[in-house]
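Input: a single structure, listed below in structure tokens.
The values are calculated or read from the model by the stated rules, or taken from the named source; none is laboratory data. From a predicted model like this one, the values you see are computed outputs, not experimental measurements. A quick note on method: Cβ atoms are made from the backbone with ideal geometry, for glycine too, and the neighbour counts reach across all protein chains shown.
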Amino acid sequence: MTTTTLMGEPTARGRFGDFGGRFVPETLVPACEELEAAFRKAWADPGFRGELHALLVDYGGRPSPVTECHNLGRQLGLRLLLKREDLNHTGSHKINNVLGQALLAVRMGKTRLVAETGAGQHGVATATAAALMGLRCKVYMGAVDVERQALNVFRMKLLGAEVEAVQSGSRTLKDAVNEAMRDWVATVGDTHYCLGSVMGPHPYPWMVREFHRVIGEEAREQCRRLLGGADPDVVVACVGGGSNAIGIFSGFVDTDAELVGAEPAGGAAIGRGVPGVVHGMRSFLLQDEHGQVLEAHSISAGLDYPGVGPEHSHLASIGRARYEPVTDAEVIDAFQLLSRTEGIIPALEPAHALAWVVKAAPSLAGHTVLLNLSGRGDKDVAQMMALLQP
């Protein structure tokens, strides 16, 4: 079997080591093959790459800066750098991938986007790109997440998207993915499924990673300028499906930097899961002894997922990255800590990464840590207000 270069192209079967693949109904195989062929052609086309780059700069706001947290770093006894994906248009890293996929959809002649969303950031980004490019858009969101992310639901509707609250299963991200995939099966002729993370059937994990590679490429150059040619000692990011983490890891996978993914303790697909198949991919997955998918739990809607992107499973299995659980209570503390020490309110998702840094600080003393601040906390303020105010 063909082997893969670390964070290079997967095998012809879409595998990263033992993980990945394309486990979909026969009706979707041609759609996946069409998408793979279109992405390969577009990604090799300087015109497509140039158009995407121009959009990322002039519309998305790239490059996002690296900010040093002098106050918090001093308090923790380490040097803490934030890659500020929260400053992108729409408030998170999601816009990188969505602009790429929307451009690709137009190139393929599709007129409609369908997407899943948990915290709402991917849904907002998809609705934004659809408005920009004149595409119809429908976003599926678990009913539980619709309640806790009401602001993002309104933003999606304001941007012209139809939002459907999914009432099945746990009524969270997993179920939203199920419904989005069902929609795609039925409407594949004119619809592109704008999947929001490095998960799903091939070519999605590879394609989404390539659209997010810009995070790691920028961060590596920025850190070397800031650190006199050196790389950070540790690169950390939150992991649900894992797109923001895979984006920043891609810039440092060939360095000596330690790569750390922070998982919600109530999910932790790598820490607690076993290999299985879900949503068209083979990866680590929370499941019982009968192979039934278990429900994940996280205070952050964006990490409330029982699986993880297959490339993360591969990086964990070969020991190149490690994945650490953090609790909801630790996340709430980290959310407040960054706000009070640096004047930066993080989304609950990257607050998981900060929670790990705070917990691991004694072992990180004197080290330089780069944290991917993948989203801003505007969307979570109402939820935190209800939790923190008596």
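Some notes on this structure:
- In the condition set (1) closer than 18 Å to A130 by Cα; (2) surrounded by fewer than 24 Cβ atoms within 10 Å (Cβ to Cβ), R182 is compliant with all but (1).
- The listed residues are V188, V208, and the only one of them that is within 21 Å of R40 (Cβ to Cβ) and surrounded by fewer than 24 Cβ atoms within 10 Å (Cβ to Cβ) turns out to be V188.
- In summary, helices (runs of 4 or more DSSP H) completely within region 104-177 and bearing 1 or more residues that are more than 20 Å from Q383 (Cα to Cα) and without any contact (Cβ under 8 Å) to a residue 60 or more places away in the chain occur at 121-133, 150-158.
- Residue among E36, E85 that alone is acidic (D, E) and either in contact with a Lys or Arg (Cβ under 7 Å, 6 or more places away or on another chain) or closer than 19 Å to K379 by Cα (or both): E85
- Qualifying positions in region 375-389 - surrounded by 19 or more Cβ atoms within 10 Å (Cβ to Cβ) and either modelled with pLDDT under 95 or assigned to a strand (DSSP E or B) (or both): G375, R376, K379, D380, Q383
- Lone qualifier among R49, R13 - being of a type outside the set (A, V, I, L, M), loosely packed, with under 15 Cβ neighbours inside 10 Å and not in a helix (DSSP H, G or I): R13
- Within region 18-28, the presence of a residue that is free of Cβ contacts under 8 Å to residues at least 40 places away in the same chain and under 30 Å from I345 (Cβ atoms) is excluded.
- Consider region 128-184 and keep the residues that are of a type in the set (S, T, Y) and in contact with a helix residue (DSSP H, G or I) (Cβ under 6 Å, 6 or more places away or on another chain). The one that is modelled with the highest pLDDT is Y140.
- Within region 267-297, restricting attention to residues that are modelled with pLDDT of 90 or more and not in a strand (DSSP E or B), the residue that is surrounded by the most Cβ atoms within 10 Å (Cβ to Cβ) is A269.
- Region 345-374 - residue that is part of a loop (DSSP other than H, G, I, E, B) and in contact with a strand residue (DSSP E or B) (Cβ under 7 Å, 6 or more places away or on another chain) and, of those, farthest from S250 (Cα to Cα): I345
- Comparison of L82, L6, L35 shows that the only residue that is in contact (Cβ under 8 Å) with a residue 12 or more places away in the chain and touching a Cys at 6+ places or on another chain (Cβ under 8 Å) is L82.
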